[in-house]
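Before any comments, here is the structure.
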Amino acid sequence: MLLNNPGFTIVAVLTLALGIGANTAIFSIVNAVLLRPLSFRDPDRLVTFLELRRQEARMQTVMVSLGDFNEWKNQCQSFDGMAVLWSSLSFQVTGGPFPEELFGNRVSSNFFDLLGVTPRVGRTFLPEDEHPDSPPVAILSHGYWVERYGADPNVVGQEIALNGNIHTILGVLPATFRETFGTGPRNSRIWIPVVAHSEETLRHGPGGYQVIARLKKDRTVEQAQAVMASVAGRLTQAYPESNAGIAVIVRPLHEHVTGAARPSMFILMGAVGFLLLIACANVSSLLLAKGIHRQKEMAIRSALGAGRWLLIRELLVQSLCLSLLGGALGLLMGRWVVDMTVPFIPSSLPRADQIALDGRVLIFALLVSMTTGLLSGVSPALQLSSVDLNQVLKAAARQATTGRRIRFLRNSLIVLQMALTLMLLVGTGLVTRSLLHFYLIDPGFDTRNLLAVSVHLQGSRDKDAVQWNLFWTQLTERLSGLPGVLGTALVHPLPLSSSPFKREFRIERPLTGVPDQKWLVSYGIVNRDYFRLVGIRPLRGRLFDDGDGVNSAQVIIVNESFARRYFPDREPLGKRLTFDHGTKTESVAMIVGVVPDSRIRLDRELEPHFYELNLQHPSRSMYLLARTAPKPLTLAGAVRNAVWSLNKNQPISWVTTMDQIWAEYTVGFRFYLALFGSFALVALVLATAGTYGLVSHTVGQRTREIGIRVALGAERRDIFKLVLRQGLVLVLTGVSIGLLGALSLMRLISSLLFGVTATDAITYAIVSALLAAVALLACYIPARRATKVDPMVALRYE
């Protein structure tokens, strides 16, 4: 029967393939990110610990110190093992063809054994490797082993220079080992052991480590949580200065890795589920339309003894055949969508490198296909199998009760499609508005043709501060003389991309009797040329100049938000601030200038900020900015050569442009916009086609009625309004229901939005008008055709 109706079959199969293919593609992402177990031994027993500490009236997550870790390990018996990890360490590798900077981790000696990781080559760490007197050792990732050593199996025992210290290579991790649990990047290259110096092991309170443990087989997470709460209470009593107010949360490692991605994954599955429902409703409408022409056949079958279940079975088999064909084609579409989508997935999405169409995805596609066949076929089967032979065989069969039930079902399906389509369009509109908000943000400085290079020097402030300043001065002078370079500057942290530094300060008040108050504020370090290079001019006072140096009085420049918050009713220029440097002596600096606000990060509101001069506050890590005449990245090689001409062993860790940094912020929005937009576009096409098909089919059924109306004197515009009204009533009903649904559900996507609320009235108005306009066009064409019915032809129409 399907082969005898190729047009119907092709349309139905393509419709189902779109819905099933989209669901298969998104499920393959959800499967890799959320459902697939971690690639470690008995991953369900792995947990991690989060320390929570109240800071500034809210609970914040803090890393763990070695002192607390050792206490936990000694006092808690709920675990088979406990290990620590310090991620996102920077290693400068020298001695090769060129210096390079890599990210790596510091871990306890039992870390890999705890996870059940067997090295590809060599061995992992032993307890003696943690001893301060033991020779430095390192383990390589599989990728770095292939890149630097060409997968040399004799790499074990070779030496590698990390941060100026020679380390012996112990082994290579397997290619299947993926770092998914750390707080840093997933492309760690180097692993070194924790060297337990006595001072660090005695330190309690917040630290820099993440703790991972393996639960005993007879223990649950809840039991471990109760034990750790008791241990944390004892530590608070033993070390009240460092551990007061610290709570410990035990969390499954898989949940910790995937927790941040769960909301967005559920949102995508919900959106693509809507698309599948729209496809099912569309195919149901097609089956009903086709089934109407088989009513006489069904009535005769029933009269000859066919039971209702036999008729339902035949119709469901047809629907299931369509869905299985659509599932096969949808699987191919899903594979294509995955291949197209993976390169654009945000780097913040964990485990994205594991996305693939595995057995679980194939089973999901089969189940979705079967479910789709039932959803799209059950309602038409129930309606078409319930026929009355006497009514069907009458001349007015199309007006029979059964026909009214079928029309009601088809109308309901159109309303459902319109409602779901509007919700998808609203989601797309909200994400689009968020993306536009990002593009419309004023960063507060000129980002055009601005190259940014990250350089980290070696040494300590006490010994090498003079050499640091000399290096930065020589480097900027050398780069300024390069062809195509219009100017250079230094800054740290890099605007728009880095989390700002924080420092406590208090204002020296001339009035007596006023108690000192400390504030925590963000700051950055710049050189004299920074403000001129990025186009920031002072609002009041001056910028840093040649008179500000190492031996002169310390000065700072504040932004407008700083002046407005801390000096609301007086002039900030000339005021002196006292800064707390932790263990160091306090310093005093005078405000010499106020500059306009500029963004520290694009995803944060403007905040108070001040700038220090690098000569007065030497830093071994700086970002070199260069304004270029050609495209910035074309000068990346020249910048590297300039750095190596001053120090041949000095690596460059990061080369980018301000435009690329801006683009990084929008990766997530563009990714979700592409998916939502694709779903919404397909849904709009299906809903529009369904509306057009319904109105066209209705016009065909009512041809004789329309002819009689025209013969009795009805005007063409009356016929046009009659047909158009029918379609618009369904469309407007669907839009109204969709608006109510969107207002209820769009709050769930708040985590994906920026600068716009989930109830943004402009988005709802534009989307509703767009959907109504497209649906109106779908109704207009059949309505125009109805006005051209010839009464003489219509009266002979059967």
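Cross-link partners for Lys575 among the aspartates and glutamates, with Cα-Cα distance under 18 Å and sequence neighbours closer than 8 places in the same chain left out: Glu504, Glu508, Asp516, Asp548, Glu560, Glu586, Glu612. Which residue, Tyr692, Ala783, Ala758, has the largest displacement toward the positive end of the dipole of segment 650-798 when charges sit on each Cβ (Lys, Arg +1; Asp, Glu -1)? Value computed over the given set: Ala783. For the chain, the fraction of 1.4 Å probe accessible surface lying on carbon and sulfur atoms is 58 percent.
In segment 189-230, whose amide N lies under 18 Å from the spot 7 Å out along Cα-to-Cβ of Asp353? List them in ranges. Counting backbone N atoms under 18 Å from the label point, the list is 189-192. You can think of it this way: the chain between Ser88 and Leu470 has 134.7 nm of extra reach, that is 0.36 nm per residue less the Cα-Cα gap.
Averaged per residue, the chain has 46 square angstrom of accessible surface, using a 1.4 angstrom probe with ligands and nucleic acids left out. Among the listed pairs Lys216/Lys502; Lys73/Lys463; Lys290/Lys721, those whose Cα-Cα separation exceeds 32 Å are Lys216/Lys502; Lys73/Lys463. Remark: the Ala553-Val11 segment gains 187.2 nm on full extension, using 0.36 nm per residue and subtracting the alpha carbon distance. Seen from Ser242, the other residues with C-beta closer than 11 Å to its C-beta sum to a net charge of 0, counting Lys and Arg as +1 and Asp and Glu as -1. A straight chain from Lys216 to Thr236 at 0.36 nm per residue would run longer than the Cα-Cα distance by 4.6 nm.
Between amide H atoms placed 1.01 Å from N, distances below 5 Å from Ser88 occur with Gly104, Gly184, all of them 5 or more places distant or on a separate chain.
For the peptides 11-24, 721-734, the ranking by packing is 11-24, 721-734, with the highest mean count of neighbouring Cβ atoms within 10 Å listed first. Between the Cα long axis of helix 262-292 and the first principal axis of the chain there is an angle of about 10°, rounded to the nearest 10.
Given a Förster distance of 35 angstrom, what is the FRET efficiency for Ile766 paired with Thr634, based on the Cβ-Cβ distance and rounded to 0.05? The computed FRET efficiency comes out at 0.25. Helix 658-701 and the longest principal axis of the C-alpha atoms of the chain enclose an angle of approximately 10°. Using the Cβ-Cβ distance between Glu607 and Leu539 with R0 set to 25 Å, the FRET efficiency works out to roughly 0.90.
Here the label points at Glu128 and Leu304, each 7 Å from Cα along the C-beta direction, are separated by 9.0 nm in the simple model.
Across segment 412-423, computed HN-Hα scalar couplings (Karplus, 6.51 cos²θ - 1.76 cosθ + 1.60, θ = phi - 60°) run 5, 5, 5, 4, 4, 4, 5, 5, 5, 4, 4, 5 Hz from first to last residue, x flagging Gly and Pro. If R0 is 41 Å, the Cβ-Cβ spacing of Val588 and Phe98 corresponds to a FRET efficiency of close to 0.40. Take Gln223, project a point 7 Å from its Cα along the Cβ direction, then tell me which residues of segment 39-54 have their backbone nitrogen under 11 Å from it. Under cut-off, by backbone N: nothing. Helix 461-480 axis versus longest C-alpha principal axis of the chain: approximately 60°, rounded to the nearest ten. Taking 13 Å as the straight-line reach from the Cα of Lys217, the aspartates and glutamates in range (excluding those fewer than 8 positions away in the same chain) are Asp42, Asp44, Asp80.
Relative to its residue count, the chain spans a Cα convex hull of 231 Å³ per residue. Computed from backbone phi, the HN-Hα couplings of segment 536-549 come to 9, 10, x, 7, 9, x, 9, 9, 5, 9, 5, x, 8, x Hz, rounded to whole numbers (Karplus: 6.51 cos²θ - 1.76 cosθ + 1.60, θ = phi - 60°; Gly and Pro given as x). At 222 nm, what value in deg cm²/dmol follows for the chain if DSSP H runs of at least 4 each add -39500 (n - 2.57) and the sum is divided by all its residues, to the nearest 500? That comes out to -16000 deg cm²/dmol. Per-peptide packing, taken as the mean over residues of other Cβ atoms within 10 Å, places 113-122, 428-437, 537-546 in the sequence 428-437, 113-122, 537-546 from highest down.
The values are calculated or read from the model by the stated rules, or taken from the named source; none is laboratory data. These numbers come from a predicted model, not from an experiment. Heads up, the Cβs are rebuilt from the backbone with ideal geometry, glycines too, and the neighbour counts pull from every protein chain shown. Side chains are part of the model used for accessible areas, which takes the heavy atoms of the whole protein and leaves out ligands, DNA and RNA. Shrake-Rupley method; radii C 1.70, N 1.55, O 1.52, S 1.80 Å.
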